[in-house]
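Colleague: A single structure is presented below for examination.
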Amino acid sequence: MRRVVGVQAQDTRAARLAVRARTEGLIASDVDDAVRRGEVVRTWAMRGTLHMLAAADVRWIVGLLGPRFAAANRGRRHRLGLDDDTLARGVAQLSDVLADEVPRTRAELMAAISLELTGQAIPHLLGYAAQTGLLVRGPDAAKDEPTYVLASQWLPPGSALDESEAVARLAERYLAGYGPASVEDFAAWSGLPLGLARAGFGAVSESTVDAKPPLRLLGHFDAYLLGYRDRRAMLAPELDHRIRAGGGMIMPAVLVDGRVAGTWALDRKAWRVRTESFGGALPVRGLRAEVEDLRRFLGVDVELAD
């Protein structure tokens, strides 16, 4: 997890697959167990979107990024009826409700506070509470339903870093996981202003990265496809629309030698992996190896479709 800072986590299945693509030997339930133990934690981080992070990284990453996104969304919250006074009351009530250390679903939280919120006001309240360090996602309830817990009770001891140290650390970790990359890529991936991103890059020493990655089946919203402002190093610009399905959706991708060579889908009724190449035959041996690893990871008889 720390090697790529965090993986996108608004899609729980995709987050599990992102872990599979970057580890050896783990199975899907290991990811869920790590969440239940609090070793990895989901909260709003890079670009203001939901990520799964190592628990030890949450405080300093949210401390750096969260207040920026919370401030940027102030106008939107006001339009949803969450003026500053209402927001403060909502946050205080969330803190009181969660003080008993019992993880609660969104519906349970809304039933327990006195604010009458509907629609997008609810996720904006929860997002603000997370971005300002009050809460994080807890272990999922049945059918992957999210729960929420107080960060102070769920996270290991630690504190936020000062801005310059946090930016430098984030830049160093970004380059270790995504390099080679530009400062513009770092700014786009993190959501930091370009000037601050440039300062972070300036504090990082040069490093080398593995340039020969194996074939991988990447899931929806994979961090590799969201780590850059410009994806042309991995995908021709005229093919970019093939992995962007609209509405912010990033499609599952077949990665060959570090480049996107096609898309794939898992039929969860027939348990078949179907691929679509962007040109030329995909390496069958590599695909079969990945499908075999999917079978091991998911614990079901997944096969490569003809």
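Colleague: Quick one: residue 244 ticks every box in (1) out of contact with any Phe, Trp or Tyr (no Cβ under 8 Å at 6 or more places or on another chain); (2) of a type outside the set (A, V, I, L, M, F, W, C); (3) under 18 Å from residue 17 (Cα atoms) bar one, so which box is it?
Modeller: Answer for residue 244: the failing condition is (3).
Colleague: Kindly indicate which of 197, 160, 141 is modelled with pLDDT under 95, small (Gly, Ala, Ser) and farther than 26 Å from residue 30 by Cβ.
Modeller: Numbers: 197 fails: modelled with pLDDT under 95; 141 fails: farther than 26 Å from residue 30 by Cβ.
160 is the lone residue from the list that is modelled with pLDDT under 95, small (Gly, Ala, Ser) and farther than 26 Å from residue 30 by Cβ.
Listed here are the residues, each with its yes/no results for (1) touching a residue at least 12 places away in the same chain (Cβ under 8 Å); (2) in the same structural domain as residue 299 (by TED's automatic domain parsing); (3) aliphatic (A, V, I, L, M).
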{"site": "238", "(1), (2), (3)": "no, yes, no"}
{"site": "244", "(1), (2), (3)": "no, yes, no"}
{"site": "252", "(1), (2), (3)": "yes, yes, no"}
{"site": "255", "(1), (2), (3)": "yes, yes, yes"}
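Colleague: Looking only at region 17-60, how many residues end up being small (Gly, Ala, Ser), surrounded by fewer than 24 Cβ atoms within 10 Å (Cβ to Cβ) and not in a loop (DSSP other than H, G, I, E, B)? Working first, answer last.
Modeller: Our first condition is that a residue be small (Gly, Ala, Ser); within region 17-60, this holds for 18, 21, 25, 28-29, 34, 38, 45, 48, 54-56.
The next check asks that each one be surrounded by fewer than 24 Cβ atoms within 10 Å (Cβ to Cβ); those that pass are 21, 25, 28-29, 34, 38, 48, 54-56.
Still in the list and also not in a loop (DSSP other than H, G, I, E, B): 28-29, 34, 48, 54-56.
Of the residues in region 17-60, 7 are small (Gly, Ala, Ser), surrounded by fewer than 24 Cβ atoms within 10 Å (Cβ to Cβ) and not in a loop (DSSP other than H, G, I, E, B).
Colleague: Can you tell me which residues in region 99-137 are free of Cβ contacts under 8 Å to residues at least 40 places away in the same chain and either of a type in the set (Phe, Trp, Tyr) or not in a helix (DSSP H, G or I) (or both)?
Modeller: 100, 102, 113, 114, 115, 116, 117, 118, 119
Colleague: Just to check your reading of the model, which residue among 23, 12 is within 27 Å of residue 266 (Cα to Cα) and touching an Asp or Glu at 6+ places or on another chain (Cβ under 6 Å)?
Modeller: Just a single option satisfies the conditions, and that option is 12.
Colleague: Continuing with the same structure: Among 226, 155, 218, which is at pLDDT 90 or above and under 28 Å from residue 64 (Cα atoms)?
Modeller: The match here is 155.
Colleague: When you scan region 93-131, how many residues do you find that are surrounded by fewer than 16 Cβ atoms within 10 Å (Cβ to Cβ) and of a type in the set (A, V, I, L, M)?
Modeller: 5
Colleague: Taking only region 74-98 into account, find how many residues are in contact with a strand residue (DSSP E or B) (Cβ under 9 Å, 6 or more places away or on another chain) and free of Cβ contacts under 8 Å to residues at least 40 places away in the same chain.
Modeller: Summing the residues that are in contact with a strand residue (DSSP E or B) (Cβ under 9 Å, 6 or more places away or on another chain) and free of Cβ contacts under 8 Å to residues at least 40 places away in the same chain in region 74-98 gives 1.
The values are calculated or read from the model by the stated rules, or taken from the named source; none is laboratory data. Worth saying up front: this structure is predicted, and the values here are computed from it rather than measured. As a convention, Cβ positions derive from the backbone with ideal geometry for all residues, glycine included, and neighbour counts pool all protein chains shown.
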